[in-house]
Amino acid sequence: MQDIVRRLDTCRVCGRDDWLEVTSFGSVPLANGFLDPADLPAEEPAYPVDVIVCRNCRLMAIRHVIRPDVLFRHYVYVTSESDQMTAHMRRIVGWCTRRAGLAPGELVVELGSNVGLQLALFQEQGQRVVGVDPAENLAEIANARGVRTLPEFFGADQGRRIHAEQGEAKLVLGRQCFAHIDDVHNVLDGATAVLAPDGLVAIEVPYLLDLLEENQFDTIYHEHLSYYSVTTLAHLFARHGLRIVDVERAAVHGGSIVVFAAREGSAHPARPSVNRLLSLERQSGLDSDDAYLAFAERAHQVIRQIGDLVRDLAGRGLTVAGYGAPSKGTTLLQFCELGPAEVRFCSDTTSLKHGRLLPGTRIPCRSPEQARDQQPDYYLLLAWNYADEIISKEQDFLRRGGKFIIPIPQPRVVTAEPVPAVA
Ligand code: DWN
Ligand code: ZN
């Protein structure tokens, strides 16, 4: 255990050791640690999920850092090909092309590029691309589809090497991976080593403000070391000669921000979005302890509500299953202490998860095809960040009397006929 987990004492952004202890969600196995039923471990290691906030730069983080190779060398999460995500990735291409003035032949480098879906869209419009992702199994898939991907953790060495081999990058992109990075300074050293003088760094992260306001406690798990606001990212970028020039908010993953940063001396003007969000964060109290403590109180209340609701339904002999087995779902089920007695199975489209058991709860994960023969009375919608898309495609289930429980921000039941929220 000791060499796999380390305690975070000094802030990874500003270096201070002055923390607000926000709350603990207990100790749980890793969110993507799906188990092979034919080869169950005697004991499943569990690690604390303790939430802390730096009192200097307001970075929200978890206290215990799991070694990145344990989390990411073999990865079961594959970028979703849902309509919502595909539309979002196309929007990212537009946003980045316009702001960075991307032309055909110019270089785009993506960190955490997964199976290369995002980079393939830049390739379509003529950019040269390089992905860097530590997940060897996913980098293999990306390379097989013609998206050059280095199966490595991105850092200063990789930035320098790509620069030497491919020249300057007009865009360095990191979608939904910055929260997963421990040594953020090494990564930004890599980004600035390859970035063109007038290039842009674009970082997409779940937005701390949405997480707090929408009680998204289930997105707090070991892969997510940090939870960022624009204020904290501004601190971080300034230490690397970068300044935030624009920010877009996006609905993906429960509410995210896409932050664009340019070199200090470059001509990129700062857009009004930056000050608008910095002041919104001040107005929302992100610079005081109360906002985080109030979130913790709400989160534990919602955890109780979800657990009580599902246990009550199961107790009345109704069947409940999980819709999706996302990392946030395996986390929610563990925090709510729900097991196979309450949640019969989870159905998920990711073939890497089929036939496996969810970490901690050991609830079986099935394919949607298998699930179709055992429709439950209630689906607990664990992939709630795709609720609109999933509910519109599952109208038959609703028409046949099936019901959805959307757990976040508070549990509410969705039926074919709208009913009031659970008190
Ligand atoms: O930060 C992270 C984000 C980018 O992705 C990672 N740490 C891990 C992962 O988080 P997640 O697993 O919570 O991500 P998603 O995208 O919310 O996962 C959705 C899950 O739901 C996938 O396993 C696929 C599944 N799904 C499904 O079964 N039917 C999704 C849709 C849209 C569906 O219709
Ligand atoms: Zn700090």
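Summary of values
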{"quantity": "Lone qualifier among Ala234, Ala179 - being within 16 Å of ligand 2 (Cβ to nearest atom), in a helix (DSSP H, G or I), under 16 Å from the mean Cα position of the chain (by Cα) and touching a residue at least 24 places away in the same chain (Cβ under 8 Å)", "calculated": "Ala179"}
{"quantity": "Where a residue in segment 77-98 is in a loop (DSSP other than H, G, I, E, B) and its partner, wherever it lies, is charged (D, E, K, R) and away from ligand 2 (no atom under 16 Å from the Cβ), with Cβ under 9 Å and at least six apart", "calculated": "Tyr77/Glu223; Thr79/Arg175; Ser82/Glu389"}
{"quantity": "Entirely in segment 304-423, the helices (runs of 4 or more DSSP H) that have 1 or more residues that are crowded, with 22+ Cβ neighbours inside 10 Å and modelled with pLDDT of 95 or more", "calculated": "327-335"}
{"quantity": "Top-ranked residue in segment 23-49 [being without any contact (Cβ under 8 Å) to a residue 40 or more places away in the chain and in a loop (DSSP other than H, G, I, E, B); ranked as farthest from ligand 2 (Cβ to nearest atom)]", "calculated": "Ala42"}
{"quantity": "Neighbours by Cβ (under 7 Å, 6+ apart or cross-chain): first from segment 294-322, under 26 Å from Gln370 (Cα atoms); second among the hydroxyl-bearing types (Ser, Thr, Tyr) and crowded, with 16+ Cβ neighbours inside 10 Å", "calculated": "Leu313/Tyr378; Leu318/Tyr378; Val320/Tyr378; Ala321/Ser347; Ala321/Tyr379"}
{"quantity": "Single unsatisfied condition, Met60 versus (1) under 24 Å from Val247 (Cβ atoms); (2) crowded, with 21+ Cβ neighbours inside 10 Å; (3) away from ligand 2 (no atom under 16 Å from the Cβ)", "calculated": "(3)"}
{"quantity": "Residues (of a type in the set (D, E, K, R) and either in contact with a Lys or Arg (Cβ under 6 Å, 6 or more places away or on another chain) or modelled with pLDDT under 95 (or both)) located in segment 201-217", "calculated": "Glu204"}
{"quantity": "Checking Ala250 against (1) among the hydrophobic types (A, V, I, L, M, F, W, C); (2) more than 16 Å from ligand 2 (Cβ to nearest atom); (3) under 15 Å from the mean Cα position of the chain (by Cα); (4) under 22 Å from Cys14 (Cα atoms), the condition it does not meet", "calculated": "(4)"}
{"quantity": "Any chance Ile52 is more than 22 Å from Val147 (Cα to Cα), aliphatic (A, V, I, L, M) and within 16 Å of ligand 1 (Cβ to nearest atom)", "calculated": "no"}
{"quantity": "Any hit, segment 249-258, residues being away from ligand 1 (no atom under 16 Å from the Cβ), modelled with pLDDT of 95 or more and surrounded by fewer than 22 Cβ atoms within 10 Å (Cβ to Cβ)", "calculated": "yes"}
{"quantity": "Residue count for segment 383-408, restricted to those that are over 17 Å from Leu313 (Cβ atoms), more than 9 Å from ligand 1 (Cβ to nearest atom) and touching a residue at least 60 places away in the same chain (Cβ under 8 Å)", "calculated": "2"}
{"quantity": "Among the candidates Ile52, Ile92, residue that is more than 16 Å from ligand 2 (Cβ to nearest atom) and aliphatic (A, V, I, L, M)", "calculated": "Ile92"}
{"quantity": "Candidate set: segment 1-22, residues that are out of contact with any Cys (no Cβ under 7 Å at 6 or more places or on another chain), of a type outside the set (Asp, Glu) and part of a strand (DSSP E or B); chosen: the one nearest to ligand 1 (Cβ to nearest atom)", "calculated": "Val5"}
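Conditions tested, residue by residue: (1) in contact with a strand residue (DSSP E or B) (Cβ under 6 Å, 6 or more places away or on another chain); (2) within 16 Å of ligand 1 (Cβ to nearest atom).
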{"position": "Arg63", "(1), (2)": "yes, no"}
{"position": "Ile66", "(1), (2)": "yes, yes"}
{"position": "Leu71", "(1), (2)": "no, yes"}
{"position": "His74", "(1), (2)": "no, yes"}
{"position": "Ile92", "(1), (2)": "no, yes"}
{"position": "Arg98", "(1), (2)": "no, no"}
{"position": "Leu102", "(1), (2)": "yes, no"}
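The values are calculated or read from the model by the stated rules, or taken from the named source; none is laboratory data. This one's a predicted model, so the numbers in the text were calculated from it and none came from an experiment. Every residue, glycine as well, gets a Cβ built from its backbone with ideal geometry; the counts of neighbours run over all protein chains shown.
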